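Data first, discussion second: the structure below is written as structure tokens.
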Amino acid sequence: MQQSTFADLGVSKAVASALRERGIERPFAVQELVVGDVLDGHDVLLESPTGSGKTLAFGIPLVDSVEPGRRAGRRPGEPGGLVLAPTRELASQIVDELDAIARARGLSIAAVYGGAGINPQIKAARRADVLVATPGRLVDLLDRGAVALGEVDVLVLDEADRMLDMGFRPVVDRLVALTPDDRQTLLFSATLAGEVDRIARAYTQDARRHAHRPPQEASGSVEHRFVKVSRERRTDQLVAELTEQERGRTLVFVRTKRGADRLAKQLGRVPTLTVAAMHGDKSQAQRERALAAFEAGRVDTLVATDVAARGIDVRDVTHVINFDAPAAVEDYVHRVGRTARAGADGVGITFVLDDQVRDVAAIGTRLGLQRELSAAGLGASEPAGARTSSQTGGRPRSRNRRRRSGRPRPAA
Ligand code: ADP
Ligand code: MG
């Protein structure tokens with residue numbers, strides 16, 4: 001499957017390699033939508049649900065656009081990038097997620113939020129090239145003269161809908177007014193309707209507007225389950241799933257044609273199972289026969305590859321089992337979408353080998369299945385790995401990128 005890389009989107013080598021060290025190799029869909037536009041200097045509005053990867057969608061181009069303060073001639077307390085976020089938790093999460101890539105560019109990033117001592121935050125904020133703040137605490141810092149917003153090149157409003165829900169509109173208006181008119185503005189929200197739309201229009205100019213909705217088929221009445229399993233135990237585990245619980249027709253997905261044949265043969269030896277394989281090397285007649293037997297109930301378990309399964313629309317498939325984990329979100333949705341058709345209930349089970357944990361967790365996260373992942377001990381990806389000296393040693397590269405090229409200067 002051809003997918004873009006961060007380098008294709010124009011991300012610097014320093015940032016791309018810091019991401020790689022954290023196991024982040026490929027952009028998520030929202031990052032593909034947003035990163036290039038931001039690097040080209042556009043204002044951007046993005047509507048997308050939780051877990052779709054918004055933090056890096058703004059964080060990556062943010063750290064690639066902001067210059068280290070000394071080089072840019074900013075004074076202490078003058079951040080070049082400002083991220084507003086509604087809560088303390090979110091602000092510190094953002095810093096955790098962006099710290100490594102910021103440092104790879106020689107940038108300092110800090111969070112300020114209420115409910116914690118202000119003095120250490122003032123110290124960190126005065127050093128910060130990128131400041132992540134809750135609105136109330138940022139006003140405190142401004143009132144004390146600890147920071148100023150006149151050098152903010154890039155302003156991000158994260159979870160704009162929640163900021164409005166929490167009554168921050170007047171404070172945010174006041175903060176935005178303190179930033180330069182020719183700043184670049186990015187606004188992220190689970191929804192861009194109603195009042196969010198109004199502030200989006202007020203704060204941005206000629207913004208590129210993107211909406212990302214992950215496929216809905218995967219949710220609904222399907223129960224999703226992930227099962228960690230070793231390669232040696234995997235077939236036994238499958239037999240257990242197939243024999244120990246009540247089920248109707250079951251589709252088992254494998255990656256290769258050979259794998260499908262081999263597995264169908266192994267399963268065929270289990271007396272209580274009736275099994276057929278379905279893949280691209282079977283003749284049309286063989287495939288039709290297998291499908292007819294599956295529909296008629298003479299075969300209760302069909303072992304299939306992704307391609308062969310595309311056209312299958314059999315009623316009453318109660319279980320889809322990913323013996324080999326799907327490679328991408330789209331594959332997961334197509335596979336598990338074979339069950340729970342026409343309002344029926346279904347179960348989607350995904351086997352996860354040790355070396356698939358990260359990829360499957362990323363897929364599940366994008367589909368909003370965090371709860372199901374943690375139930376299997378596959379929680380969201382771990383925090384930024386060891387912070388090695390190779391990262392801290394990263395030099396800011398010289399910059400000659402077309403910056404803000406797409407942005408018209410505001411009328412005076
Ligand atoms: P959102 O803000 O849209 O709710 P987050 O930015 O918090 O989503 O991202 C959700 C999870 O996905 C985080 O654990 C994050 O580290 C992970 N993630 C984001 N982008 C990628 C990527 N390109 N590859 C792998 N994991 C990613
Ligand atoms: Mg977020």
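The values are calculated or read from the model by the stated rules, or taken from the named source; none is laboratory data. Computed from a predicted model, the values in this text were never measured in an experiment. Cβ placement follows ideal geometry from the backbone for every residue including glycine, while neighbour counts extend to all protein chains displayed.
What residue, of 106, 115, 51, is within 26 Å of residue 20 (Cα to Cα), modelled with pLDDT under 95, part of a loop (DSSP other than H, G, I, E, B) and of a type outside the set (Asp, Glu)?
Values: 106 fails: modelled with pLDDT under 95; 115 fails: within 26 Å of residue 20 (Cα to Cα).
Every option except 51 fails the conditions.
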- Hits in region 287-322 - residues which are at pLDDT 85 or above and in a loop (DSSP other than H, G, I, E, B): 297, 298, 299, 300, 305
- Query: Of the residues 38, 95, 11, 63, which is at pLDDT 95 or above, assigned to a loop (DSSP other than H, G, I, E, B) and within 16 Å of ligand 1 (Cβ to nearest atom)?
  - Reply: 11
- What number of residues within region 125-145 are surrounded by fewer than 19 Cβ atoms within 10 Å (Cβ to Cβ) and over 19 Å from residue 62 (Cα atoms)? 7
- Specify which of the listed residues (187, 131) is assigned by TED's automatic domain parsing to the domain that holds residue 105, under 20 Å from residue 116 (Cβ atoms), part of a strand (DSSP E or B) and among the aliphatic types (A, V, I, L, M). 131
- Answer yes or no: is there a residue in region 88-96 that is in contact with a Pro (Cβ under 9 Å, 6 or more places away or on another chain), touching a residue at least 40 places away in the same chain (Cβ under 8 Å) and within 16 Å of ligand 2 (Cβ to nearest atom). yes
- Query: Given 36, 59, which one is more than 16 Å from ligand 2 (Cβ to nearest atom), touching a Leu at 6+ places or on another chain (Cβ under 6 Å) and in contact (Cβ under 8 Å) with a residue 12 or more places away in the chain?
  - Reply: 36
- Task: Look through 22, 26, 71 and report the one residue that is away from ligand 1 (no atom under 15 Å from the Cβ) and not small (Gly, Ala, Ser).
- Result: 71
